[in-house]
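Participant: Right, I'll just put the structure down here and ask away after.
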């Protein structure tokens, strides 16, 4: 059956997208077939058990095709972080806008640009990379992205290249007359020994209704290192979907921080594959869901090779009628001996109406491994609140301090300092206006 | 300063305080001693406004105000301070941030200007010296991973910073070795002043060697059954509580 309701997401790309690349057309066609085969997910599917796509489909999103060329640098100032020095790439409604970006000087062996631009100038650099980590067997929203993407961020680091300054992707959404869906595709490829930091921020101007359906394919070569910090702070009415695919080579290190603050409905799928031994993957996460918000995380960590390490540490704060889902799966294949995997999901529920569905799973087929998982769902401890209040601190501030203390473990991983400070302020601001009791 | 009359309080269905009377004047140090289960800690908690204690009778007036009507933070803002027997660990809450929030909350409630970061740091440095505290404690989360002695010193440090009118020290000596006890007691003694009163709750006379009280009260079965000077504490040390309470003291 066809992806009814999402059919319009597949509407023929505008003329300027026609890159004329046969291999790309083939990949798109295969993705269209995947979309048609899968249809709309239902709650009978394990991956969609707790989250309904009904709300998303009802919006009738159509592709965001017009480039937003009217924006001036001063228009986006409010979403930039003062003091944050970066190679900045700005995408507006899924499209790379060089005039708003500030790449600065790039060291040798580093290429940063828009997907569309590089598909034109050097398509061969992307031929193997597109679907290179995600593969062809993509779930619905990733397949939609593959079928319909036309721009995004590309970061290519040659062997041994080191970026000392972070790359900052600012994905800005601006409301249109009709609710739009942007489907950016990002490719981040670090060859052997390359090192970089990526900051990925999803922001909006105003409180408009739109959808972002992004896919990232990240590969880190042998002994490479990537610190990847994502802050999803979409408009409170927005829908957000991320498919993040990681391919980690021998001895590589990946540290990911996922912060989810915004959006009315947000779904993140993280898929980790180790392509070499002795690789380390550390996924940290923080989500804050209030009234009318649903934040849904699916983690899939695949240990098929021995001697790899994975950590998942996600913390959630829920208030009002906020909802969250944490579905974490760690799979250890028979031959993946000496796997070291630990998963943790802790949640703070600040109101009776808030809800979290947490489901950590370990599937272990090897016998010489170190694996653990733990989850907690609790409230603020009364004795902690009392301690603060007994020092003259009013109850609302005391609650906020404790929540920020809970979140601090994840926030402290963010760097540089201006980024950490901005996100901590946003969390504090949200808590200040949250009905916490 | 503090006037407690016929105070009765329950924990759950059980009556713990059964008509407690106590008058504390400005600058006075009162020791409250008593066997385990006599209601000492309950009394300290009721004064500070902790949840889970139901006051069923009597009154507490603090500087002319009905203390029992106030929220815990309001009591602190009016100048009451409880040094906890078991200071609570607050993972992720930075000690300096906490101390500044507390001091400024109190100042704000009194209509006084809040301290900026620099004046606050200066004030902290000054108070740290009094307690021989290492300033690395300030960078750590509140009480988190502190040793027993560090926790107690952090309590007295907070007291030094917040400058209460009435401080209640709830078994501050418990779990301290003799050196730590001396440091804590020195800190407390440095804070004695004609305007600041203290209630020192303790099981053992030991602490009173270092913090000399003006008055000693014996609390048993929810009432003060004997009051006297500091000699009373020495007698208790020698003879145990049994000769007053008429009971065998629990070992």
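Only the coordinates and a few stated rules stand behind these numbers; no lab work does. Everything quoted here is computed from the prediction, not taken from an experiment. Neighbour counts run over all protein chains shown; Cβ positions are idealised from the backbone, glycine included.
Participant: Do the sum for chain A: with -39,500 (n - 2.57) for every DSSP H run of n ≥ 4, divided by all residues, what is the mean residue ellipticity at 222 nm, to the nearest 500 deg cm²/dmol?
Facilitator: Details: 8 runs with 83 residues, N = 437.
Helix-only estimate at 222 nm: -5500 deg cm²/dmol.
Participant: Enter the Cα centre distance for the pair the range B:193-215 and the range A:318-395, rounded to the nearest angstrom.
Facilitator: Using only Cα atoms to place each centre, the spacing works out to 45 Å.
Participant: Follow-up. For A:351, A:252, which order do you get if you count the other beta carbons within 10 Å of each Cβ and list the fewest first? Each step should come with its number before you reach the end.
Facilitator: Values: A:351 18, A:252 29.
So the ranking, lowest neighbour count to highest, is A:351, A:252.
Participant: Principal axes first, then extents: for the Cα atoms of the range A:139-261, list largest minus smallest coordinate on each axis, whole Å, largest first.
Facilitator: Extents along the principal axes: 47, 28, 19 Å.
Participant: Against the globular-protein guess of 2.2 N^0.38 Å, express the Cα radius of gyration of chain A as a ratio, rounded to two decimals. Intermediate values should be presented prior to the final figure.
Facilitator: Details: Rg = 21.1 Å, N = 437, 2.2 N^0.38 = 22.2 Å.
Here the answer is 0.95, to two decimals.
Participant: Give the peptides B:217-223, B:125-131, B:104-110, A:286-292 in descending order of average Cβ contacts within 10 Å, highest first. Spell out each step's value before the answer.
Facilitator: Working: B:217-223: 20.7, B:125-131: 15.7, B:104-110: 17.3, A:286-292: 22.6.
The peptides rank, most packed first, as A:286-292, B:217-223, B:104-110, B:125-131.
Participant: Want the number for residue B:86 to residue B:212: 0.36 nm per residue separation, take away the alpha-carbon distance, what's left? Provide the component values of the computation, followed by the final result.
Facilitator: Values: separation 126, 0.36 × 126 = 45.36 nm, distance 2.29 nm.
My answer for the length gained is 43.1 nm.
Participant: In addition: What FRET efficiency do you get for residue A:77 and residue A:277 if R0 is 45 Å and r is their Cβ-Cβ distance, rounded to the nearest 0.05?
Facilitator: Values: r = 46 Å, r/R0 = 1.03.
Using R0 = 45 Å, I get an efficiency of 0.45.
Participant: Of all beta bridges DSSP finds with both residues in the protein assembly as shown, what is the antiparallel percent, to the nearest 5? List each step's numbers first, then the result.
Facilitator: Working: 32 of 181 bridges.
Roughly 20 percent of the DSSP beta bridges within the protein assembly as shown come out antiparallel.
Participant: What is the distance in Å between the Cα centres of the range A:92-122 and the range B:96-168?
Facilitator: 50
Participant: Tell me the angle of helix B:95-109 to the major Cα principal axis of chain B, expressed in degrees between 0 and 90 and rounded to the nearest ten.
Facilitator: With rounding to tens, the tilt is 80 degrees.
Participant: Further question on the same structure: Within 10 Å of each Cβ of A:403-411, how many other protein chain Cβ atoms are there on average? Could the numbers behind the result be given before it?
Facilitator: On the way: counts 2, 4, 10, 4, 1, 5, 2, 1, 1.
Mean partner-chain Cβ count within 10 Å for A:403-411: 3.
Participant: Ranked highest first by average number of other Cβ atoms within 10 Å, how do A:416-426, A:35-45, A:265-275 line up?
Facilitator: On the way: A:416-426: 16.5, A:35-45: 14.3, A:265-275: 22.6.
Taking the mean over residues of other Cβ atoms within 10 Å, the ranking is A:265-275, A:416-426, A:35-45.
Participant: Kindly give the semi-axes, whole Å and largest first, of the ellipsoid equivalent to the range B:147-251, taking each as the square root of 5 times a Cα gyration tensor eigenvalue.
Facilitator: Working: eigenvalues 128, 51, 28 Å².
Working from the Cα gyration tensor, I get semi-axes of 25, 16, 12 Å.
Participant: Using a 10 Å cut-off on Cβ atoms, rank the peptides B:226-235, A:83-92 from the highest mean neighbour count down. Please report the intermediate quantities before stating the final value.
Facilitator: Values: B:226-235: 15.5, A:83-92: 20.8.
Answer by packing, highest mean first, reads A:83-92, B:226-235.
Participant: Across the residues of A:380-387, average count of Cβ atoms on other protein chains within 10 Å?
Facilitator: Values: counts 0, 3, 3, 7, 6, 3, 11, 13.
Other-chain Cβ atoms within 10 Å of each residue's Cβ, averaged: 6.
Participant: Still on this structure, please answer the following. P(r) for chain B: what percent of alpha-carbon pairs falls in each 5 Å bin, starting at zero?
Facilitator: Bins of 5 Å from zero give 1, 6, 13, 17, 19, 17, 13, 8, 4, 1, 0, 0 percent of pairs.
Participant: A further question follows. Taking 0.36 nm per residue of separation and subtracting the Cα-Cα distance, what length does fully extending residue A:36 through residue A:363 add? Can you show the working numbers first?
Facilitator: On the way: separation 327, 0.36 × 327 = 117.72 nm, distance 3.07 nm.
Length gained between residue A:36 and residue A:363: 114.7 nm.
Participant: Taking neighbour Cβ counts within 10 Å as the exposure measure, how do A:186, A:278 sort from fewest upward? Before the final figure, lay out the partial values.
Facilitator: Values: A:186 24, A:278 18.
In increasing order of surrounding Cβ atoms, one gets A:278, A:186.
Participant: With each run of n ≥ 4 DSSP H residues scored as -39500 (n - 2.57), what mean residue ellipticity at 222 nm is computed for chain B after dividing by its residue count and rounding to the nearest 500 deg cm²/dmol?
Facilitator: Values: 10 runs with 96 residues, N = 251.
So the helix-based figure for chain B works out to -11000 deg cm²/dmol.
Participant: Any idea what angle helix B:230-239 forms with the longest principal axis of chain B, computed on alpha-carbon atoms, 0 to 90 degrees, nearest 10?
Facilitator: 60
Participant: May I pose another question? Anyone know which of A:392, A:285, A:378 comes out most mobile in the 10 Å Cα GNM of chain A?
Facilitator: Checking each option, the largest mean-square fluctuation is seen for A:392.
Participant: Continuing with this model, one more query. Would you mind giving the mean number of other chain beta-carbons within 10 Å of the Cβ of each residue in B:91-104, as a whole number?
Facilitator: Working: counts 6, 12, 11, 4, 0, 0, 3, 7, 1, 0, 9, 8, 3, 2.
Taking the mean over all residues of the peptide, I get 5.
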